[in-house]
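The block underneath contains the structure these notes are about, expressed in structure tokens.
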């Protein structure tokens, strides 16, 4: 697809969303007035360079979401998070109190997943889950979008559920990342979800759960960055296992990486830097 064709597609999706969501959205970006890229700076979207291994670590959510993870695994995850000074450790809701207690007073945050991994919870339950993890000490929420509503083109539903979680997070001063599961979406669906997530006030869009049929790709990150602009974060997640892939995703516009291989990636990055000096 050429650049002109992509722009035409984004414009077509924008017009459809403006009609479907039926709100007072700005005519230029199909976003609620006050959230137009020209008037708002959303947390998490500034371009961040990672010239050092330590700088790279601050862009990583050190992740352990395996259902069989036990308490010693979570303890080790937190120890690794502290040792490498990652941005957060990302865990399932049950483990948020453990992680929050072990990371208290440190610069490492706790990221909790909500509606994970299917996104199929009703909006009220998704908000309750967000309230629970935030009350237990999470500082960031990664929520899976309602994929059934996306596939049905029910954009007011998608917008309302994201707004509900964003409102709950705002009470705690927390960030919300919306997981799109890009491997299950077509081009126009990716564009539409990204626009709706931005319009609903989320701080990031995120590519994948890591449990779907595919993970983060350079093309998807580049597309999401083009759609949301510079005032919103893009988290690449799923299948990121080495420094070269991480570098390509950052170059494409990612401002956060979700991976269970963070230590490997940082060490590889450090070695590569040493060779270049």
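Counted residue by residue at 0.36 nm each, then reduced by the alpha carbon distance between them, the extension gain from residue 128 to residue 275 reaches 48.0 nm.
State the extension gain, in nm to one decimal, for the chain segment bounded by residue 94 and residue 211, taking 0.36 nm per residue of separation less the distance between their alpha-carbons.
Numbers: separation 117, 0.36 × 117 = 42.12 nm, distance 1.82 nm.
Once the chain is fully extended between residue 94 and residue 211, it gains 40.3 nm.
Relative to the longest principal axis of the Cα atoms of the chain, the long axis of helix 71-84 makes an angle of roughly 90 degrees.
Secondary-structure-derived ellipticity at 222 nm for the chain, considering helices only, amounts to -14500 deg cm²/dmol, per-run term -39500 (n - 2.57) for DSSP H runs with n ≥ 4.
Beyond 17 Å, what share of the Cα-Cα pairs of segment 222-277 is found? Please give it as a whole percent. Mind showing how you got there, number by number?
Details: 606 of 1540 pairs.
Of all Cα-Cα pairs in segment 222-277, 39 percent lie more than 17 Å apart.
Can you tell which of 205, 234, 218 shows the greatest fluctuation in a Gaussian network model of the chain with Cα springs below 10 Å? Greatest mean-square fluctuation among the candidates belongs to 218. Taking the number of Cβ atoms within 10 Å of each Cβ as an exposure proxy, the fewest-first ranking of 52, 63 is 52, 63. Among 245, 172, 62, a tally of other beta-carbon atoms within 10 Å of each Cβ gives an order, fewest to most, of 172, 245, 62. Between the Cα long axis of helix 123-135 and the first principal axis of the chain there is an angle of about 30°, rounded to the nearest 10. Between residue 85 and residue 9, the simple spin-label model (points 7 angstrom out along Cα→Cβ) gives 4.0 nm. Spin-label model, residue 69 to residue 151: label points 7 Å out along the Cα-to-beta-carbon direction sit 2.7 nm apart.
Against the main long axis of the alpha-carbon atoms of the chain, helix 243-252 sits at an angle near 30°.
No lab work stands behind these numbers, since they all come straight from the coordinates. As the structure is a prediction and not an experimental result, all values here were calculated from the model. Methodologically, a virtual Cβ is constructed for each residue, glycine included, from the backbone with ideal geometry; neighbour enumeration extends over all protein chains shown.
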